[in-house]
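K.L.:
This is the structure I have questions about; it appears just below.
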Amino acid sequence: MNSASATRYGMPREASTTAALAHRRGSWLARMDGSALEKAVGAPITGIPRSTLHRLLRDSLPDEALLIGSETDSVEQIAPGRVRVGCGETVLDADLVVAADGVGSAVRSRLFPAHPGPVYSGSTVLRTITEQAVDLSTDFELTWGHGAEFGHIAFHDGRAEWHAVLNLPAGTRFADPVDELRRRFHTWHAPIPALLDATRPAAVLHHDVNELRTPLPSYTVGRTALLGDAAHAMTPNLGQGACRALEDAVALAAALATEPTMPAALARYDAERRPRSQAVARAARQAGRMGQRLSHPLAVTLRNTAMRLTPSRAATRMILRHHAWAPPQLS
């Protein structure tokens, strides 16, 4: 894993044109035109901490709507139109349960006991947010080596989220993750060393990347709907996992608001969301095979050459095809 094998693509902070540039450690595969992306999606691409997103979502709810610090231990259909949820000593009856309990969803396992569940993708990811600001020339950047990836997203306060993806056996862990990544990426280009130097080792999260390789036959059973990773956990190679969950939520809310009955709303939700999200999951898996997971030197060279020869507009269209979704209007 040397600097010559590391190639990258990213979005300049002041992006008004697209250009292919050489870098002192690694060459550019492509540079995306930030203004073109902003014009196409109708909003700037902005990095924010997930905790900030959670706060913004929570602030739109009344306090009494949230029960936090409780784990759901049972979900059962008690009547054709009623579902009972057990949360420790609290028992709730509801018209609908929306299970968004992640890739290891216990609700999904109960609804589909014969489904094989999540499987290891072959990659493990380390990630965190830097403790202090880092001088960055790009808002978003990915670097590919042989069987490895390092990327960052810049925040407005100068800090950044970074992630490192490695091809390793499941369960591999490091006593000092930052020191291990310094060893693995010490020849890679700036700002990777600076991002690692700005990191507190105890703040690094390390998770194996699991996915639902076998698609679910439905996202609804009775009065229970699956949402996000519980329904379609995918690899992060397109950065679309959380995006699909947000789309799911909006689509489900729209169906519930406009369809005459609950069964009709749930049928519409499944019909709209399952084909789209499962297609994105397949595309993410393929992107990983051609991106971070690719390790054979000849295959890496061919991939890099093809990307350098791809016109910038075509590269932008490839990114935007997963954004081609118009949210329904909610009254």
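K.L.:
Within the stretch 142-156, is there a residue that is at pLDDT 95 or above, touching a strand residue (DSSP E or B) at 6+ places or on another chain (Cβ under 8 Å) and buried (at least 16 other Cβ atoms within 10 Å of the Cβ)?
P.N.:
no
K.L.:
Now a separate question. Of the conditions (1) surrounded by 15 or more Cβ atoms within 10 Å (Cβ to Cβ); (2) closer than 23 Å to residue 153 by Cα; (3) in contact with a Phe, Trp or Tyr (Cβ under 9 Å, 6 or more places away or on another chain), residue 232 clears all except one; give me its number.
P.N.:
Of (1) surrounded by 15 or more Cβ atoms within 10 Å (Cβ to Cβ); (2) closer than 23 Å to residue 153 by Cα; (3) in contact with a Phe, Trp or Tyr (Cβ under 9 Å, 6 or more places away or on another chain), only one is false for residue 232: (2).
K.L.:
Which condition does residue 76 not pass, out of (1) within 24 Å of residue 215 (Cβ to Cβ); (2) surrounded by 11 or more Cβ atoms within 10 Å (Cβ to Cβ), if it passes all the others?
P.N.:
Residue 76 satisfies every listed condition except (1).
K.L.:
Does residue 209 satisfy being surrounded by 14 or more Cβ atoms within 10 Å (Cβ to Cβ), outside any loop (DSSP other than H, G, I, E, B), touching a Lys or Arg at 6+ places or on another chain (Cβ under 9 Å) and β-branched (Val, Ile, Thr)?
P.N.:
Numbers: surrounded by 14 or more Cβ atoms within 10 Å (Cβ to Cβ): yes; outside any loop (DSSP other than H, G, I, E, B): yes; touching a Lys or Arg at 6+ places or on another chain (Cβ under 9 Å): no; β-branched (Val, Ile, Thr): yes.
When the stated conditions are applied, residue 209 does not pass them.
K.L.:
Collect the residues in the stretch 264-278 that are surrounded by fewer than 22 Cβ atoms within 10 Å (Cβ to Cβ), more than 15 Å from the chain's Cα centre (by Cα) and not acidic (Asp, Glu), keeping them in residue-number order.
P.N.:
Correct list: 264, 265, 267, 268, 271, 274, 275, 276.
K.L.:
Which numbered condition in (1) touching a strand residue (DSSP E or B) at 6+ places or on another chain (Cβ under 8 Å); (2) not in a loop (DSSP other than H, G, I, E, B) is the only one that residue 54 fails?
P.N.:
It is condition (1) that residue 54 fails.
K.L.:
Then there is this: Of all the residues that make up the stretch 314-331, how many are in a helix (DSSP H, G or I) and in contact (Cβ under 8 Å) with a residue 12 or more places away in the chain?
P.N.:
Residues meeting the conditions: 4.
K.L.:
Would you say residue 130 is surrounded by 20 or more Cβ atoms within 10 Å (Cβ to Cβ), β-branched (Val, Ile, Thr), at pLDDT below 95 and over 17 Å from the mean Cα position of the chain (by Cα)?
P.N.:
So residue 130 fails the test.
The values are calculated or read from the model by the stated rules, or taken from the named source; none is laboratory data. Just so it is clear, the structure is predicted and the values come from calculations on it, not from any experiment. Note: ideal-geometry Cβ built from the backbone for every residue, glycine included; neighbour counts use all protein chains shown.
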